[in-house]
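Report on the following structure.
The values are calculated or read from the model by the stated rules, or taken from the named source; none is laboratory data. If you're wondering where the values come from, they're calculated on a predicted model, not measured in any experiment. Positions of Cβ are backbone-derived with ideal geometry, glycine not excepted, and every protein chain shown enters the neighbour counts. To get the accessible areas, we keep the full protein, side chains included, count just its heavy atoms, and leave off ligands, DNA and RNA. Shrake-Rupley method; radii C 1.70, N 1.55, O 1.52, S 1.80 Å.
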Amino acid sequence: MVGAGVLHLTTQRQEFGAQVPDWFPLDEDLTVVASGVVEIALGAAFVALPKHQRLVGGLLAAFFVAIFPGNVAQYVDGADAFGLDTDRARLIRLFFQPVLVLWALWAGGLLRRPPNGPTFRGTGAGARSRSGPLRR
């Protein structure tokens, strides 16, 4: 994430600009710079704040969802960037965004049970506690 964010601000700035949809209300370059700063911050926070990994993982997943319209716009507009110079390549790229969302959720521990959390959260009749017997 930090590396991708740095690329937003440096050598790949124009390439990232190709993914900003025409309908997006902010300036293209401002959008690229802002998203780069967010990527750097989220990547650094993920490493530097392990106690907040779940929060940062959730924010990363939300970020990947938020930028997905840019990937769709790149496909719809036929914009060439990052070597994606055919409709087929741009379409295939769209299927990787959900993988990134799932990765962020998994890496943040949001797809796993908390280490000391309950195995079942039910409280109604027939709910089991961690130690076994039915609660009545």
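Overview of results
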quantity: Selection status of Ala79, modelled with pLDDT under 85, assigned to a loop (DSSP other than H, G, I, E, B), under 18 Å from Gln19 (Cβ atoms) and of a type in the set (Gly, Ala, Ser); calculated: yes
quantity: Where a residue in the range 3-26 is open to solvent by less than 60 Å² (accessible area, probe 1.4 Å) and its partner, wherever it lies, is among the charged types (D, E, K, R), with Cβ under 6 Å and at least six apart; calculated: Ala4/Glu39; Gly5/Glu39; Gly17/Glu28; Val20/Glu28
quantity: Tally of residues being assigned to a helix (DSSP H, G or I) and open to solvent by less than 20 Å² (accessible area, probe 1.4 Å) across the range 90-113; calculated: 4
quantity: Hey, Arg121 in contact with a helix residue (DSSP H, G or I) (Cβ under 8 Å, 6 or more places away or on another chain), at pLDDT below 85 and among the charged types (D, E, K, R) or not; calculated: no
